[in-house]
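In what follows, a structure is listed as structure tokens, so that the remarks can point back to it.
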Amino acid sequence: MTKQSSIKRQRFIRMTLTYLLLIGTAIVIIYPLLWAIGASFNPGNSLVSTSIIPKHPTVAHFTRLFANEGTLLYKQWYLNSLKISFFTMLLSLIFVSMTAYAFSRFRFVGRKNGLTLFLLLQMIPQFSALIAIFVLAQMLGLINSHWLLTLIYVGGKYR
């Protein structure tokens, strides 16, 4: 076997393993989504006896959701989710971009220590800061507000 064919074989094996890993990851991610969609078309209120492809599909859950009594609540919940998601995305994009630009383009004292600190902070559970976040939110008058939730999502790993 020549050296070139050995390199091609190693590359083929590496690419095959990479694609198998990607396919496995896609299956792990997509299966619960398909199961939830299938469960939404199953009759009844139980998620235990559901399947991906329902035997007797129905749209009764959607009819009830968009009926007169549920429409207003659902619309408000949906708009709240969109608002919080949009502002979280916008603020995260701004702050992360500024931080990434500074660390990638500038050489400054403490750059390496700052990056190490970011990695170390990722290892601390955010749950340990829960009381401090609550006290701070109470002092700022942000309890039960969308802005508090947005700021928590932007500043932490709660997403």
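For region 114-146, taking the residues that are among the polar types (S, T, N, Q) and under 23 Å from T99 (Cβ atoms), the one that is surrounded by the most Cβ atoms within 10 Å (Cβ to Cβ) is identified as Q126. Within region 30-46, is there a residue that is within 30 Å of H146 (Cβ to Cβ) and in contact (Cβ under 8 Å) with a residue 24 or more places away in the chain? The answer is no, given that none of the residues of region 30-46 is within 30 Å of H146 (Cβ to Cβ) and in contact (Cβ under 8 Å) with a residue 24 or more places away in the chain. Within region 88-99, residues that are in contact (Cβ under 8 Å) with a residue 12 or more places away in the chain reach partners that are open to solvent by 60 Å² or more (accessible area, probe 1.4 Å) with beta carbons closer than 6 Å, at six or more positions or on different chains, in the pairs T88/Y153.
Taking the condition outside any loop (DSSP other than H, G, I, E, B) and either among the hydrophobic types (A, V, I, L, M, F, W, C) or under 30 Å from G44 (Cβ atoms) (or both), does L120 pass? Yes; evaluated as a whole, the condition is true for this residue.
Within region 1-46, the set of residues being of a type in the set (S, T, Y), open to solvent by 60 Å² or more (accessible area, probe 1.4 Å) and under 30 Å from F62 (Cβ atoms) comprises Y31 only. Whether a residue is closer than 28 Å to G38 by Cα, free of Cβ contacts under 8 Å to residues at least 40 places away in the same chain and either under 25 Å from the mean Cα position of the chain (by Cα) or not in a loop (DSSP other than H, G, I, E, B) (or both) was assessed, and Y74 passes this test.
Within region 123-142, the residues that satisfy the criterion of being closer than 23 Å to L90 by Cβ and not in a helix (DSSP H, G or I) are G141, L142.
Which of the residues spanning region 147-159 are open to solvent by 100 Å² or more (accessible area, probe 1.4 Å) and either at pLDDT 90 or above or touching a strand residue (DSSP E or B) at 6+ places or on another chain (Cβ under 7 Å) (or both)?
Answer for region 147-159, where residues must be open to solvent by 100 Å² or more (accessible area, probe 1.4 Å) and either at pLDDT 90 or above or touching a strand residue (DSSP E or B) at 6+ places or on another chain (Cβ under 7 Å) (or both): just W147.
Screening region 90-109 for residues that are at pLDDT 90 or above and small (G, A, S) and picking the one that is most open to solvent (accessible area, probe 1.4 Å) gives S97.
The values are calculated or read from the model by the stated rules, or taken from the named source; none is laboratory data. Keep in mind it's a predicted model, so treat the numbers as computed, not measured. Neighbour counts run over all protein chains shown; Cβ positions are idealised from the backbone, glycine included. Just the protein is used for accessible areas: all its heavy atoms, side chains included, with ligands, DNA and RNA removed. Shrake-Rupley method; radii C 1.70, N 1.55, O 1.52, S 1.80 Å.
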